[in-house]
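The values are calculated or read from the model by the stated rules, or taken from the named source; none is laboratory data. None of these values were measured; they are calculated from a predicted model. Backbone-built Cβ (ideal geometry, glycine too); neighbour counts: all protein chains shown. Quick note on the areas: whole protein, heavy atoms, side chains included, nothing else; ligands and nucleic acids left out. Shrake-Rupley method; radii C 1.70, N 1.55, O 1.52, S 1.80 Å.
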Amino acid sequence: MSLRPTLDFLLYDWLQAESLNQRGRFADHSRETFDAVFDTCERIAREKYAPFNRTVDTQEPHFDGEKVILPQATHEAQKAYAASGMLSAAQDYAMGGMQLPYTVEAAANAFFAMASVSIGSGLLTTGNANLLMVHGTDAQKEVFAKNEFSGRFSGTMCLSEPQAGSSLSDVTTRAVPDGEGFESDPLGPRYRLKGNKMWISAGEHELTDNIIHLVLAKIPGPDGKLIAGTRGISLFIVPKKLVDEQGELTGVRNDVALAGLNHKLGWRGTTNTLLNFGEGKYPVKGEAGAVGYLVGQPHEGLRCMFHMMNEARIGVGMAATMLGMAGYYASLDYAKNRPQGRPIGGGSKNGTGAVGKDATQPQIRIIEHADVKRMLLAQKAYCEGALALELYCARLVDEHHTGEAQAADDARLLLEVLTPIAKSWPSEWCLEANSLAIQVHGGYGYTRDFPVEQYWRDNRLNMIHEGTHGIQALDLLGRKVLMEGGRGLQLLAALINTTVERAIQRPELAAHANALAQALQRVGSATKAAWATGQPGDALANAVPYMQAFGHTVLAWIWLDVALAALKRDATKTIAATTGKLGAARYFYHYELPKVAAWLKVVENRDLTCADLPEEAF
Ligand SMILES: Cc1cc2nc3c(=O)[nH]c(=O)nc-3n(C[C@H](O)[C@H](O)[C@H](O)COP(=O)(O)OP(=O)(O)OC[C@H]3O[C@@H](n4cnc5c(N)ncnc54)[C@H](O)[C@@H]3O)c2cc1C
């Protein structure tokens, strides 16, 4: 099974990605140049990533006392990725980039996520460098970002601490000015950092010459105390090895030490680390304290970091989607080849065929059983729908950056509302797809002889990192749908209604269009009902069911719009892919959308069953 036809259809037939070439920034590009990027990425993913997905799972990173050891295949794969230019794909030509639309970059990265998500495709490095391109000084861009884009250095994001995960206001890493003249360091105001950072992905390895940590830390007030809350947080560049103004390594190791590797359920191709900053293991100029350079203004760290986190969230959604897709393709292949059982109602002489028990009849392949088809269609609906959503959000990023003023602003606001869905929906439902892929394999799916159990383990991370499911839901109902007087939700509703109006004209889609209009209306009224008392405790007690209902409504919209595009491309419905798209849309409307009503009921009623249960009653 190849991803390419699905990707081509979504990009070119549905999203009209080719039309981006009419914008000045992308004027040198054409469908041919986009396709050339996809060809290259597809090939590298096939040759350097896919064959080693199991290797990186079984040969977990380990520390030999001096260095972290990773399989050679990881070194080769990341070298090939950097050589392809993908780390700087969307950057200006002046930065050595290709000025590709983000839509194309995101689509191209899908091949790597599907082939081996944990070998990694530089998401953190690109996100880290992109942040510096927006908030860094010229010197920081030149010395750090440019070397990250070339693949010479890699990047991390260091937010979490052992005691501060979801609640970043509680970070306790401190940053104090580094002596006389600290403000005039050419690489930015220089501080010394002390603290522990937990869960840092790619925090230690030998894959690149240097690792550039972006670290959240607090600058103490005049009384020496840390400012409470997120207001006190600042952002620092902390390189593992110190560099000069030209980005050359000075030979001095910075005071950042690996305290330990975390041993994970999945995603084992990437290290995950506890890092100690400034404990004195590698003193700089005889002093404990990791040298860090301030990015942006003091106390603006979280705002800067959000720049990286929003991109990272679309990346997480795409990774979850592609893990789901990998499981779908594997289980589809298995179902087409596994003979088991007999057809229900297949006529037989002794009458036992009605329940498929007539052993004199030949076995059928499991794809011929209705229930297996149900599991395959669910996976298709979840994963292709999620892919469409991620590409749509990526297209909004391009609109935000290159559109006309009003369209760009609308895209910004739509992204605010859709980002929690883009991150969370695939994390939940493409994980469910992986579970169904195991189920299709029966007992074999539960063994390491087949790849699907690894996809599930790898995918289980996505509901946890980059803001847990619960935190994303609070963000959606507590902030995003309310911001700017609810204009984001109104914009989304207008888009959905446009699709409804188009679909209602098509007999095969009219019932879906009506169902979507009702779901949308219910989401709107549930949003109001949740906030009717004005008490956050009432409104947010059921934030996750709200997000699930919201997400399913968005996905129903996406499927209806995709179905319209499929019918437009193939009015005669002769292409099997069109039948598949319409079938997946129908599955979504018949089996998934009805769940919205149940989820929203507890939201509308401000049901406090969970919130009110006393602790001792559990
Ligand atoms: C493999 C892996 C890679 C990671 N990579 C990075 C990285 O590169 N950089 C980085 O900085 N971090 C990283 N993280 C950390 C990740 O972002 C955190 O694990 C996550 O934010 C949750 O924090 P926590 O683990 O402390 O859990 P907690 O915050 O303690 O949450 C535990 C549970 O309580 C719930 N909860 C917490 N607060 C609330 C609330 N206010 N309301 C409702 N429910 C709540 C959560 O939803 C969750 O279900 C990574 C984590 C993992 C597992």
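Taking all protein chains together, HIS213, HIS465 sort by accessible area into HIS465, HIS213, largest first [probe 1.4 Å]. If you line up the long axis of helix 123-135 against the longest principal axis of the chain, both from Cα atoms, how many degrees apart are they, to the nearest 10? Once rounded, one gets 60 degrees.
When MET1, MET463, MET547 are compared by accessible surface with a 1.4 Å probe, the order from highest to lowest is MET1, MET463, MET547. Remark: segment 200-287 carries a charge dipole of roughly 420 debye about the Cα centre, counting +1 on each Lys and Arg Cβ and -1 on each Asp and Glu Cβ.
By a 1.4 Å probe calculation restricted to protein chains, LEU474 has an accessible surface near 70 Å², given to the nearest 10. When the charge dipole of the chain is built from unit charges on Cβ atoms (+1 for Lys and Arg, -1 for Asp and Glu) and taken about the Cα centre, the candidate among TYR93, LEU477, TRP559 whose Cα reaches farthest toward its positive end is TRP559.
Only Cα pairs under 8 Å and at least 6 apart count here; give the relative contact order of the chain as a rounded whole percent. Rounded, it is 11 percent for the chain.
Within straight-line reach of LYS380, meaning a Cα separation under 12 Å, sit the following aspartates and glutamates at least 8 residues removed in sequence or on another chain: GLU432. A Cβ-based charge dipole, computed about the Cα centre of segment 1-151 with Lys and Arg at +1 and Asp and Glu at -1, lands at about 20 debye.
Here is the list for segment 1-98: GluC sites (Glu not before Pro) lying in DSSP coil, each with at most 13 other C-beta atoms within 10 angstrom of its C-beta, are GLU66.
Across segment 417-547, the mean sequence separation of Cα contacts (distance under 8 Å, 6 or more residues apart), normalised by length, yields a relative contact order of 25 percent. Note on the chain: with charges restricted to the Cβ of Lys and Arg (+1) and Asp and Glu (-1), its dipole about the Cα centre is near 1660 debye.
Accessible surface computed residue by residue for the chain, with neighbouring protein chains in place and a 1.4 Å probe, gives 41 Å² per residue. Loop-located trypsin sites (Lys or Arg not before Pro) in segment 155-259 (DSSP state not H, G, I, E or B) with no more than 13 neighbouring Cβ atoms inside 10 Å: LYS225. For the residue pairs LYS264/LYS601; LYS141/LYS281; LYS423/LYS528; LYS48/LYS573, alpha carbon separations beyond 27 Å are given by LYS264/LYS601; LYS141/LYS281; LYS48/LYS573. If we count every other residue with Cβ under 13 angstrom of GLU161's Cβ, Lys/Arg +1 and Asp/Glu -1, where does the sum land? Neighbourhood net charge equals +3.
For the pair GLU76 and ALA370, what calculated FRET efficiency results from E = 1/(1 + (r/R0)^6), where r is the Cβ-Cβ distance and R0 = 30 Å, to the nearest 0.05?
0.10
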